[in-house]
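Report on one structure; see the data block that follows.
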Amino acid sequence: MKRLFLALSVEHELAQRLARVASQFERECGPLAPHAAEDLHLTLSFLGEIADEDVDVTWRHEAGLATKGE
């Protein structure tokens, strides 16, 4: 199983700044899951837990590349 989502990358400088202020966010918003700056992204849609054998067809479908019947 894979956790699939559609996301946008965060520009490197912004990601670095967000990582530096994460502790302030945590004080204001509650516990956060820490991530390295290079792993930060903006999730647009969580597709869910997808079976390994369905990953390729799921990506093609989300990208608008699926063939008829998929």
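Any read-out appearing in this document is the output of simple, stated calculations on the displayed coordinates, not a laboratory observation. Here the structure is a predicted model, which is why all the values come from computation and not from measurement. Neighbour counts run over all protein chains shown; Cβ positions are idealised from the backbone, glycine included.
For the range 10-42, a residue qualifies if it is surrounded by 11 or more Cβ atoms within 10 Å (Cβ to Cβ) and within 30 Å of residue 61 (Cβ to Cβ), and the qualifying residues are 10, 15, 35, 38, 40, 41. Restricting attention to the range 1-33, the residues that are within 30 Å of residue 53 (Cβ to Cβ) and in a helix (DSSP H, G or I) total 0. Within the range 50-62, is even one residue touching a residue at least 40 places away in the same chain (Cβ under 8 Å), over 13 Å from the mean Cα position of the chain (by Cα) and assigned to a strand (DSSP E or B)? Checked the range 50-62: at least one residue is touching a residue at least 40 places away in the same chain (Cβ under 8 Å), over 13 Å from the mean Cα position of the chain (by Cα) and assigned to a strand (DSSP E or B). Take residue 45 and tell me if it is surrounded by fewer than 12 Cβ atoms within 10 Å (Cβ to Cβ) and in contact with a strand residue (DSSP E or B) (Cβ under 8 Å, 6 or more places away or on another chain). For residue 45, the condition - surrounded by fewer than 12 Cβ atoms within 10 Å (Cβ to Cβ) and in contact with a strand residue (DSSP E or B) (Cβ under 8 Å, 6 or more places away or on another chain) - is met.
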